[in-house]
Amino acid sequence: MALLEVHGITKRFGGLVAVNSLDVSVDTGHISALIGPNGAGKTTAFNVIAGFYQPTEGKVVFDGMDITNMRPDQVCKLGLTRTFQVVRPFRGITVLDNVMIGAYNRTNNDKIAREKAYEVLKFMKMEKLANQIASGLPIAGRKRLEIARALATEPKMILLDEAMAGLRPTETDEIIEVVRDISKQGIGILLVEHVMKVVMSLAENVLVIHHGVKIAEGVPDEVVQNKLVIEAYLGEVTTDAAN
Amino acid sequence: MNNEMTKKSDAQMPKSALHRWLRFAFVDWEQTQLVISMFILALLALTPLVVRSPYYMGIIILTVLYAYIGISWNIVAGFAGQLLIAHIIFVAFGAYTTIVLYNNFGVSPWFGLIASGIMAALLGAVVAFITLRYGLKADYFALFTIATMVALKALFLKWEFVGGAVGMGLRIHEPGFAKMIFQNKEPYLYISLGLVFLGLLAQYLIYRSKMGKYFFAIREDEAAAAALGVNTSLYKTYALLIGSAMAGIGGGFYVMYVTFVEPPQVFDLALNVELVMAGPIIGGLGSLLGPLLGALVNKPLAELIRGFLSVTRSGSSLIVYGSFLILAILFLPRGLSGLLHDAYLKLRVLIYKEEKE
């Protein structure tokens, strides 16, 4: 059984079907990507999986547990956490405190939480920034902080919502390495990403959704050749235009 | 600020007592704030040596009480970021609990204070339950607390058992420690200083703990906090229970000191601003030193303005006081403790430079 199994989740907002009977499965230590044009329902799917929304239909099973109706903090305790597309650092407090808040997920002990936080900051190459107020970080730093906090919760799996959007190419490459290292530790990763370079170089399995429906799934190289996928991104390809 | 590395370097041998003291005070800003607070408390404890006038002593006692109530609000509004505007309802509940228990049942106010804390915390639990059950946040939460205040005022005005519209006056018997009734003002000062001491300590311990960090996370971003495993409902409830219980105890002492309580006086937004909100805002909301520093400015200033203007221009004191608050909000967004923090950072650099040489 896979670590994360999403069975036919549907999320409706009034008349709008944001996600339509979506199936996803991610294994321990594997990287999957969820891609699709703007408004395809990727972030909504994340919100359902991580417990921020209740699905209209379907269920989410994590590590053998039905987490469909659990709150985000309960889901996090079980080992599934997420980052946000628009980074949300706790602005008024230090980077260290930000990461410690994640670390407190597994301990009540201040010393253990602090050690864990330093360990994660070191892994993210941020230990020099520990005492800086989080609002002072540049965007790349905030994205790193977002991942650091998630890691400090000691997850079995992380949902990364556009962790690389808005970064320069060199910064993107660094985060790609970080994500790969995280995966090597046996942590499952599901990422939503617009930067195709990231998807191509990281993901072992790619799901493409469009208007809330899964239109393709497979290894990256196959998926980008898929006619439906190309149409979803570029509009219908007529023979004229192709010529 | 909690830098491990600077802490390690602090473990090296200090040179002298003064140096050791300086090092302790400058380990980090939180510790510095605690040291400054205790220094201020010590000075306040010495005021009876120089202040002879009961009028001025009364202002000092209320200043100290305001600091304590300010701390209780700071934990909810400053740490956990909850817009608990009408915090005074908990003070009022505490005041009524202590006076009713004393007047009607002869219960010692010392136990009355504890009962006040419990009663106020129960009200806090009700507020927490309803606001969380119906998902009231930010502005709606604020409005809910104000509406609760208005409703409670109407209720207490009609409730004869607690004196109705007339309110309740303390049945003054012979002074005595067990009755918390004293001829001189000094005992009141020391009781209020004791409350502030405990309040400051609680505030510091919360700030440093997991609970404090979780409060900050909720204040800064609830959704992000939830994603990191923070049970936001539970910790918001904790914040409310702690803040309301502390305010209730303060209310109990308040009624023993002013000796009467009536609905229009305690269920009142103007008093709420002066008693609860002005201090922490002037001093720096969310900081450890804010409520105390703010109260030191706020209460004497409010009294001075009232004293000067009530004779010549009756009613104009609130205009002056309000204008002062507006200026403080506009020009001191981080409060007085923000100014001190800047000075601290500069001084710290100096002290550590000196040690390296």
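The values are calculated or read from the model by the stated rules, or taken from the named source; none is laboratory data. Here the structure is a predicted model, which is why all the values come from computation and not from measurement. For neighbour counting, all protein chains shown are included, and Cβ atoms are generated from backbone atoms with ideal geometry for every residue, glycine included.
Overview of results
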item	result
Region B:1-34, subset over 33 Å from the mean Cα position of the chain (by Cα) and closer than 28 Å to A:Glu119 by Cβ, residue modelled with the highest pLDDT	B:Gln12
Close pairs from region B:129-154: first assigned to a helix (DSSP H, G or I), partner of a type in the set (Gly, Ala, Ser), Cβ under 8 Å, at least 6 apart	B:Leu132/B:Ser233; B:Thr145/B:Ala86; B:Ile146/B:Ala86; B:Thr148/B:Ala86; B:Met149/B:Ala86; B:Leu152/B:Ala92
Pick from region B:123-138, criterion among the hydrophobic types (A, V, I, L, M, F, W, C) and surrounded by 16 or more Cβ atoms within 10 Å (Cβ to Cβ), ranking: nearest to B:Ala247 (Cα to Cα)	B:Leu123
Candidate set: region B:204-222, residues that are hydroxyl-bearing (Ser, Thr, Tyr) and without any contact (Cβ under 8 Å) to a residue 60 or more places away in the chain; chosen: the one farthest from B:Thr131 (Cα to Cα)	B:Ser209
Residues (of a type in the set (Ser, Thr, Tyr), over 13 Å from A:Gly51 (Cβ atoms) and at the interface with chain A (Cβ under 9 Å from one of its Cβ atoms)) located in region B:232-242	B:Ser233
Residue in region A:190-207 that is closer than 25 Å to B:Tyr214 by Cβ, buried (at least 23 other Cβ atoms within 10 Å of the Cβ) and touching a helix residue (DSSP H, G or I) at 6+ places or on another chain (Cβ under 9 Å) present	no
Some residue of region B:173-187 being in a helix (DSSP H, G or I), more than 30 Å from A:Leu96 (Cα to Cα), touching a helix residue (DSSP H, G or I) at 6+ places or on another chain (Cβ under 6 Å) and more than 14 Å from chain A (Cβ to nearest Cβ)	yes
Selected residue [touching a helix residue (DSSP H, G or I) at 6+ places or on another chain (Cβ under 9 Å), at pLDDT below 85 and not acidic (Asp, Glu)] from B:Ile329, B:Ile305, B:Ile351	B:Ile351
Positions within region A:35-71 being closer than 13 Å to A:Val6 by Cα, aliphatic (A, V, I, L, M) and assigned to a strand (DSSP E or B), in sequence order	A:Val60, A:Val61, A:Met65
Residues that are within 10 Å of chain A (Cβ to nearest Cβ) and touching a helix residue (DSSP H, G or I) at 6+ places or on another chain (Cβ under 6 Å), drawn from region B:194-214	B:Gly212, B:Lys213, B:Tyr214
Among (1) touching a residue at least 40 places away in the same chain (Cβ under 8 Å); (2) within 7 Å of another protein chain (Cβ to nearest Cβ) - the single one A:Val99 does not satisfy	(2)
Test for A:Thr94: is it at the interface with chain B (Cβ under 10 Å from one of its Cβ atoms) and either surrounded by fewer than 16 Cβ atoms within 10 Å (Cβ to Cβ) or modelled with pLDDT of 95 or more (or both)	no
Count - residues of region B:223-270 that are more than 30 Å from B:Pro187 (Cβ to Cβ) and either without any contact (Cβ under 8 Å) to a residue 12 or more places away in the chain or of a type in the set (Lys, Arg) (or both)	10
Residues located in region A:40-61, provided they are in contact (Cβ under 8 Å) with a residue 60 or more places away in the chain, away from chain B (no Cβ under 14 Å) and not aliphatic (A, V, I, L, M)	A:Gly41, A:Lys42, A:Thr44
Options A:Gly166, A:Gly136, A:Gly141; residue that is under 15 Å from A:Lys197 (Cα atoms), small (Gly, Ala, Ser) and away from every other protein chain (no Cβ under 13 Å)	A:Gly166
One residue from B:Gly229, B:Gly248 being more than 9 Å from chain A (Cβ to nearest Cβ) and more than 21 Å from B:Ser287 (Cα to Cα)	B:Gly248
Which numbered condition B:Gly229 misses (of (1) outside any helix (DSSP H, G or I); (2) surrounded by fewer than 24 Cβ atoms within 10 Å (Cβ to Cβ))	(2)
Yes/no for A:Thr10 being away from every other protein chain (no Cβ under 14 Å), over 14 Å from the mean Cα position of the chain (by Cα), assigned to a loop (DSSP other than H, G, I, E, B) and surrounded by fewer than 21 Cβ atoms within 10 Å (Cβ to Cβ)	no
Filtered residue count, region B:227-285, keeping only those that are in contact with a helix residue (DSSP H, G or I) (Cβ under 8 Å, 6 or more places away or on another chain) and at positive phi	2
Helices (runs of 4 or more DSSP H) lying entirely in region A:114-223 (those with 1 or more residues that are modelled with pLDDT of 90 or more and among the basic types (Lys, Arg))	A:139-152, A:169-184
